Amino acid sequence: MLASAAGCGLEEHPRPHSMPGAVKPPATRYDAKPSPPGPMDEPDGSVEEPPAADDAAVSAGDARSNPPRPDAGQAPRKLDAAPAAGPGINIDGIEVPRAKALVFIHWGHSNMAGHGINPVELEPFFYTPQPQLWSYQGGGVFVPAKEQTAPDPNSIPGGGPGMAWLRTAAAKAGPEYHFISIARGRGSATSAEYLKGGLYYSTFMDRAMELKGKVTFAGMFIMMGITDRHMPLAEQGGFADRMVKIIADIRADLGEPNLPVLHTDYEVTATGTLAVDTDYARRIRPLILSLPMRVTRLAIIPTDAITLEDDHHFTLAGQKLWSERGVQLMIDKGWFPWKP
């Protein structure tokens, strides 16, 4: 397994952190026993979707000048039917029907774990629990959701997208729904480390599998791409193939072949050695933008106008805007059938 030399987490950009209430969450079962490392090579076997056209055909220059806006100008699609009622789940003493317990799985690099600290006026939005928003810890334990929802034990706690996503989704849905986060963020983690059998797949999927058949899996949102720069150059080009494989395995394990996926665009407001016009960004961004051609029911969340804490970590305002864009994409595509 490749060892990441430089990180996308704390070790890369140390900075003061004085945010009140941002307490590092305690270690949980999935942090204590990571599954054995998997190979860096791409897995054998077929992937979920047909191969894409030559990735080189996706122009990095065109992508920069035309940020992806899936289905722009098209009429909204018919909403998917809400899941049928079935067995439910006990959430902190509350019996919630399966159709009303909506789970979002989210995973990725340090922006998923969260480094956001500004503006301070948004701290309550990220750190104050809201009724019917939960984080599932495993073993039947639900706790009121607040950041960090996708904790990285090795990073400074800061706001990630999880709480913003839950709040935004709840605001768009009827009052009877409960929204649940199952997540993992890890600074510097590469797509290879999230492959099934690798370091991090089981850290969130073990918990998701505990709820299979008891909840409704509402969707998955992902922040990956920028950290594959830590891989050898010869392996970086396999990013899209690895992501297709990971998503296919998650859907297969959950028995949810149509689970919607929202994947971030490259951090286009990044600066310095990570700026969108650097050699690495020119290589990886077309691969990110190719994913909707490779995976059904996958959309790209634009990152233009996202504000940053440093050269690539989103502020609280940036995380909120990113999450609002993702939930709105679900609504526009008919992947959000829980509106009032």
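The values are calculated or read from the model by the stated rules, or taken from the named source; none is laboratory data. Computed from a predicted model, the values in this text were never measured in an experiment. Here the Cβ is made from the backbone with ideal geometry for all residues, glycine too, and neighbour counts use every protein chain on show.
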Some residue of the stretch 203-211 being under 19 Å from Ser110 (Cβ atoms) and in contact (Cβ under 8 Å) with a residue 40 or more places away in the chain: yes
Breaking point among (1) under 18 Å from the mean Cα position of the chain (by Cα); (2) crowded, with 24+ Cβ neighbours inside 10 Å, for Val215: (1)
Some residue of the stretch 151-170 being over 25 Å from Glu309 (Cβ atoms), touching a residue at least 40 places away in the same chain (Cβ under 8 Å), in a helix (DSSP H, G or I) and of a type in the set (Lys, Arg): no
Conditions (1) buried (at least 21 other Cβ atoms within 10 Å of the Cβ); (2) within 19 Å of Phe104 (Cβ to Cβ): number failed by Leu289: (2)
Leading residue by the ranking (nearest to Pro337 (Cα to Cα)) among those in the stretch 93-130 that are touching a strand residue (DSSP E or B) at 6+ places or on another chain (Cβ under 6 Å) and among the β-branched types (Val, Ile, Thr): Val103
Residues satisfying the stated conditions in the stretch 306-339, i.e. of a type in the set (A, V, I, L, M, F, W, C) and over 20 Å from Thr278 (Cβ atoms): Leu316, Ala317, Leu321, Trp322, Val327, Leu329, Met330, Ile331, Trp335, Phe336, Trp338
Residue match in the stretch 227-244 (condition: in a loop (DSSP other than H, G, I, E, B), surrounded by 23 or more Cβ atoms within 10 Å (Cβ to Cβ) and under 15 Å from the mean Cα position of the chain (by Cα)): no
Number of the condition not met by Ala192 [criteria: (1) small (Gly, Ala, Ser); (2) on the phi < 0 side of the Ramachandran plot; (3) part of a loop (DSSP other than H, G, I, E, B)]: (3)
Every residue from the stretch 149-180 that is buried (at least 24 other Cβ atoms within 10 Å of the Cβ), in contact with a Leu (Cβ under 6 Å, 6 or more places away or on another chain) and closer than 25 Å to Pro337 by Cα: Leu166
Any hit, the stretch 55-75, residues being at pLDDT 95 or above, under 19 Å from Leu262 (Cβ atoms) and either of a type in the set (Phe, Trp, Tyr) or within 23 Å of the chain's Cα centre (by Cα) (or both): no
Test: residue in the stretch 187-199 that is in contact with a Gly (Cβ under 6 Å, 6 or more places away or on another chain) and surrounded by fewer than 19 Cβ atoms within 10 Å (Cβ to Cβ): yes
